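Taking it in order: structure first as structure tokens, then the write-up.
The values are calculated or read from the model by the stated rules, or taken from the named source; none is laboratory data. Everything numeric here is computed off the predicted structure, so don't read it as measured data. Cβ placement follows ideal geometry from the backbone for every residue including glycine, while neighbour counts extend to all protein chains displayed.
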Amino acid sequence: MQEITQLLEEKRAAARLGGGQKRIDTQHSKGKLTARERLEVLFDEGTFEEWDMFVEHNCHDFGMADSRVPGDGVVTGFGTINGRTVFAFSQDFTVLGGSLSDAHARKICKIMDQAMKVGAPVIGLNDSGGARIQEGVGSLAGYAEVFQRNVLASGVIPQISMIMGPCAGGAVYSPAMTDFIFMVKDSSYMFVTGPEVVKTVTHEEVTQEDLGGAVTHTSKSGVADLAFENDIEALLYLRKFVDFLPSNNREKPPVAKTQDPASRLEMSLDTLVPPNASLPYDMRELILKITDDGDFFELQPDYAGNILIGLARMDGAPVGIVANQPMVLAGCLDIDSSRKAARFVRFCDAFNIPIVTLVDVPGFLPGTSQEYGGIIKHGAKLLYAYAEATVPKVTIITRKAYGGAYDVMSSKHLRGDVNYAWPSAEIAVMGPKGAVEIIFRQERDNPEKIEQHTEDYRAKFANPFVAGAMGYIDDVIMPHDTRRQICRDLRMLRDKKLENPWKKHGNLPL
Ligand code: HXC
């Protein structure tokens with residue numbers, strides 16, 4: 001018995017040491033924490049229960065029989081984050097570069113399967129050189145097993161990927177199928193093929209950082225949702241982020257206590273929209289003024305800035321915010337913003353998070369680059385996402401709601417539950433100038449008449465009353481009253497029940 005206990009302790013010590021002190025020091029010298037240190041920061045103190053600490057790979061080729069480390073380069077298990085159960089895996093770069101073997105993959109699959117059974121989120125802390133090269137197809141099979149589980153878990157339990165080191169080749173496709181990807185600046189990168197291959201095939205010279213670093217993926221590709229300065233910041237924000245989410249698709253997101261009164265009026269909002277309809281204003285200001293304590297967990301802030309997305313709380317309950325941003329491209333919808341918002345709307349819908357939509361949209365962005373890029377299909381993604389969403393939907397039109405973009409942005413016609421307009425709202429097929437240029441084309445050489453027609457059009461449509469008369473707007477509210485109204489409506493909608501017709505699945509315009 002004593003021998004076994006001693007052996008157990010030795011094995012545990014070996015597992016905890018991973019690839020050894022030298023490699024741990026190297027990891028630290030790159031500003032990175034080790035796999036276990038990361039889990040310590042992520043989970044409530046002392047709550048992480050490790051599984052499969054003694055698992056070893058079964059490869060004998062290329063001298064691998066002598067290269068076994070208990071745990072095989074990934075730490076897996078579960079614990080609590082602010083009291084709620086979460087499963088996680090954390091790849092250990094000090095063990096064979098965190099590379100994924102068949103055994104390593106089986107450990108990840110085991111916690112994913114268990115998370116599905118109990119309905120708890122899975123967080124992956126990725127720091128890996130990819131497929132274990134010595135194992136060949138065994139590791140490829142392992143990846144595919146993980147991919148399959150990512151897909152089955154999608155929409156059932158929240159899945160979050162934190163990229164904290166290399167993530168290259170086909171390995172990127174597991175994070176890509178999770179709900180959110182966060183990255184750490186300067187120490188993480190993701191690409192399908194690295195700089196060397198890029199140079200050989202396309203003759204482009206590009207650094208690892210430019211090709212797939214955190215800044216690239218949060219500002220150019222939109223692959224990642226946020227970039228953090230270092231491991232500690234990343235993991236602390238991750239804890240905060242998890243607090244917004246339900247544990248699974250059958251639960252509602254957790255309600256937090258708040259000191260911020262739901263009835264708070266915000267008088268400064270009455271002057272947020274400038275009198276001149278072509279001047280921009282910052283939609284972020286509206287978000288910060290209506291959400292609990294001005295706390296907005298914005299996602300993808302540096303990508304497709306013409307739309308803002310993120311999580312916040314209203315009256316203590318999590319909401320997803322989607323808002324056109326007049327400061328960027330006048331708030332037009334384009335390819336990137338449509339994709340960005342569509343995926344977020346679908347996430348909220350899958351996980352019972354009500355959606356608050358703030359609308360100031362002059363339409364879809366015109367131009368050949370948009371048309372050639374497939375704005376028709378991409379814009380349709382957002383339309384589809386809003387139309388299929390059955391969660392509570394509250395919409396506020398602050399100013400422009402023109403054309404197809406009016407329909408798309410959670411309009412009444414897409415089963416918006418409560419749709420408001422501010423007095424400054426303009427709801428029309430297009431802006432007065434464009435409309436008159438088309439309707440009165442034959443009078444275009446008569447500036448006086450054109451001016452008169454423009455004024456007439458503006459007087460008729462540059463207000464919320466035509467839509468109000470048709471019941472497409474439930475009420476015209478004063479800007480200062482916006483928070484109070486939304487909080488009341490969300491309370492009223494708490495037990496909303498709406499189901500889509502049975503189907504195997506819809507055919508989202510991918
Ligand atoms: C086995 C690996 C490994 C791998 C790294 N190591 N990657 N062992 N399989 N994939 C080992 C190294 O041999 C080294 O061992 C230790 O990990 C640390 O690696 P270093 O190279 O010293 O670290 P660094 O200089 O930081 O470079 C990191 C790296 C590099 C850029 C990730 O190691 C690298 O290029 N690795 C190969 C990446 C790769 O091609 N992977 C396959 C991708 S294809 P020692 O003993 O010296 O410490 C793929 C397909 C997936 O993943 C398909 C899914 C469908």
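Kindly indicate whether any position in the stretch 115-124 is closer than 19 Å to residue 181 by Cβ, within 12 Å of the ligand (Cβ to nearest atom) and of a type in the set (A, V, I, L, M). Spell out the reasoning first.
The first filter runs over the stretch 115-124 and keeps only residues closer than 19 Å to residue 181 by Cβ, leaving 115, 121-124.
Filter once more, keeping what is within 12 Å of the ligand (Cβ to nearest atom): none.
So far as the stretch 115-124 goes, no, none of its residues is closer than 19 Å to residue 181 by Cβ, within 12 Å of the ligand (Cβ to nearest atom) and of a type in the set (A, V, I, L, M).
For residue 210, are the conditions met, namely being touching a residue at least 60 places away in the same chain (Cβ under 8 Å), over 16 Å from the mean Cα position of the chain (by Cα) and within 16 Å of the ligand (Cβ to nearest atom)?
no
Scan the stretch 434-449 for residues that are surrounded by fewer than 20 Cβ atoms within 10 Å (Cβ to Cβ) and in contact with a helix residue (DSSP H, G or I) (Cβ under 6 Å, 6 or more places away or on another chain) and jot them down.
435, 440, 443, 449
If the Cβ limit is 7 Å and pairs must be 6+ apart or interchain, which residue in the stretch 241-261 that is free of Cβ contacts under 8 Å to residues at least 60 places away in the same chain and more than 21 Å from residue 118 (Cβ to Cβ) pairs with which residue that is among the acidic types (Asp, Glu) and outside any loop (DSSP other than H, G, I, E, B)?
258/292; 258/293; 260/292; 260/293
For the stretch 296-326, enumerate the residues that are in a loop (DSSP other than H, G, I, E, B) and charged (D, E, K, R).
Those that are in a loop (DSSP other than H, G, I, E, B) and charged (D, E, K, R): 302, 315.
All but one of (1) within 15 Å of the ligand (Cβ to nearest atom); (2) buried (at least 20 other Cβ atoms within 10 Å of the Cβ) hold for residue 21; which doesn't?
The number of the failed condition is (2).
In the stretch 287-333, what residues are in contact with a Pro (Cβ under 6 Å, 6 or more places away or on another chain) and surrounded by fewer than 20 Cβ atoms within 10 Å (Cβ to Cβ)?
Once the filter is applied, which keeps residues that are in contact with a Pro (Cβ under 6 Å, 6 or more places away or on another chain) and surrounded by fewer than 20 Cβ atoms within 10 Å (Cβ to Cβ), the stretch 287-333 yields 327, 330.
Only one of these conditions is not met by residue 367: (1) touching a strand residue (DSSP E or B) at 6+ places or on another chain (Cβ under 7 Å); (2) at pLDDT 95 or above. Which number is it?
Only one criterion is unmet by residue 367, namely (1).
Considering only residues that are among the acidic types (Asp, Glu) and either buried (at least 21 other Cβ atoms within 10 Å of the Cβ) or free of Cβ contacts under 8 Å to residues at least 24 places away in the same chain (or both), which ones fall in the stretch 132-179?
If the condition is that a residue be among the acidic types (Asp, Glu) and either buried (at least 21 other Cβ atoms within 10 Å of the Cβ) or free of Cβ contacts under 8 Å to residues at least 24 places away in the same chain (or both), then 135, 179 are the ones that fit.
Keeping to the stretch 391-400, report how many residues are within 10 Å of residue 414 (Cα to Cα) and surrounded by fewer than 24 Cβ atoms within 10 Å (Cβ to Cβ).
Residues flagged as within 10 Å of residue 414 (Cα to Cα) and surrounded by fewer than 24 Cβ atoms within 10 Å (Cβ to Cβ) within the stretch 391-400 amount to 0.
Select from the stretch 187-208 the residues that are more than 17 Å from residue 130 (Cα to Cα) and surrounded by 15 or more Cβ atoms within 10 Å (Cβ to Cβ) and list them in ascending order.
198, 206
Identify the single condition in (1) over 22 Å from residue 99 (Cα atoms); (2) within 16 Å of the ligand (Cβ to nearest atom); (3) among the acidic types (Asp, Glu); (4) buried (at least 19 other Cβ atoms within 10 Å of the Cβ) that residue 231 does not satisfy, given that it satisfies every other one.
Exception for residue 231: condition (1).
State the number of residues belonging to the stretch 125-140 that are near the ligand (Cβ under 9 Å from one of its atoms) and at negative phi. So that I can check it myself, show each step before the final result.
Of the residues in the stretch 125-140, the ones near the ligand (Cβ under 9 Å from one of its atoms) are 128-135, 139-140.
Filter once more, so that each one left must be at negative phi: 128-129, 131-135, 139-140.
Going through the stretch 125-140 one residue at a time, the tally reaches 9.
Could you tell me which residue of the stretch 24-43 is surrounded by the most Cβ atoms within 10 Å (Cβ to Cβ), considering only residues that are in contact with a helix residue (DSSP H, G or I) (Cβ under 7 Å, 6 or more places away or on another chain) and more than 13 Å from residue 73 (Cβ to Cβ)?
Filtering the stretch 24-43 for residues that are in contact with a helix residue (DSSP H, G or I) (Cβ under 7 Å, 6 or more places away or on another chain) and more than 13 Å from residue 73 (Cβ to Cβ), the one surrounded by the most Cβ atoms within 10 Å (Cβ to Cβ) comes out as 38.
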